[in-house]
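Reading through the structure tokens given below for one structure.
The values are calculated or read from the model by the stated rules, or taken from the named source; none is laboratory data. All of these numbers come straight from a predicted model, not from anything done at the bench. As a convention, Cβ positions derive from the backbone with ideal geometry for all residues, glycine included, and neighbour counts pool all protein chains shown.
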Amino acid sequence: MIHIFLFVLWVGGGLGLVAVMFLAVPAHPDDIYMKFRAMQVIDDFIIIPGAMGSFFAGLVYGIWTGWGFFKHNWVTVKWVMTTAQILFGTFALGPWLNQNVDIAHELRGAALVNPDFINNVSQIQIWGTVQVLLLIFMVIISVIKPWRKIRE
């Protein structure tokens, strides 16, 4: 049950972050910083704990239950996807977001014409959306459990 709760945190945080990214329209130059700071808080306090908690709960299930890591193709796919998404979030999405917080804090309204800021916004929009779609795909395969069991 804790695994499901943690995964819901991860998915919900991802949905929230993408919603803020696309729907929050800053009315004032200082709001640009606040938008990206709010996204950083969602990442640091909802997405990261949810993702890491899901990873470690899955690790426990894989080691100490009958599910294993490689007994079922859908579990293996989830493991690969989970690991890839955590690594991509850690080494790409997180740094883009953190850099934008710093740029917006320093430049305020001028951040909107900063090439690094603009590039980071595009990357977060594209890859943040891809991350959320992959998380939803993981929910789907967790529910329907496709593909046959791997032969022993």
Would you say residue 7 is part of a helix (DSSP H, G or I), surrounded by 16 or more Cβ atoms within 10 Å (Cβ to Cβ), touching a residue at least 24 places away in the same chain (Cβ under 8 Å) and of a type in the set (A, V, I, L, M, F, W, C)? yes
List pairs: first in segment 29-58 and touching a residue at least 40 places away in the same chain (Cβ under 8 Å) and under 17 Å from residue 100 (Cβ atoms), second surrounded by fewer than 19 Cβ atoms within 10 Å (Cβ to Cβ) and among the charged types (D, E, K, R), Cβ under 8 Å, 6+ apart or cross-chain? 29/108; 30/108; 32/108; 33/108
Quick check on segment 49-71: of everything there that is more than 16 Å from residue 83 (Cβ to Cβ) and in a helix (DSSP H, G or I), which residue is modelled with the highest pLDDT? 49
Any idea which residue in segment 63-79 is surrounded by the fewest Cβ atoms within 10 Å (Cβ to Cβ), counting only those that are without any contact (Cβ under 8 Å) to a residue 60 or more places away in the chain and aromatic (Phe, Trp, Tyr)? 64
Going by the structure shown, is residue 141 within 18 Å of residue 20 (Cα to Cα) and either part of a helix (DSSP H, G or I) or not hydrophobic (A, V, I, L, M, F, W, C) (or both)? no
Only residues that are within 13 Å of the chain's Cα centre (by Cα) and of a type in the set (Val, Ile, Thr): list them for segment 114-131, please. 124, 126, 129, 130
Within segment 1-42, restricting attention to residues that are under 18 Å from residue 134 (Cβ atoms) and among the aromatic types (Phe, Trp, Tyr), which residue is farthest from the chain's Cα centre (by Cα)? 22
Candidates 82, 90, filtered to the one that is surrounded by 14 or more Cβ atoms within 10 Å (Cβ to Cβ), hydroxyl-bearing (Ser, Thr, Tyr) and assigned to a helix (DSSP H, G or I): 82
Scan segment 94-116 and give yes if some residue there is without any contact (Cβ under 8 Å) to a residue 24 or more places away in the chain, closer than 23 Å to residue 39 by Cβ, crowded, with 16+ Cβ neighbours inside 10 Å and hydrophobic (A, V, I, L, M, F, W, C), otherwise no. yes
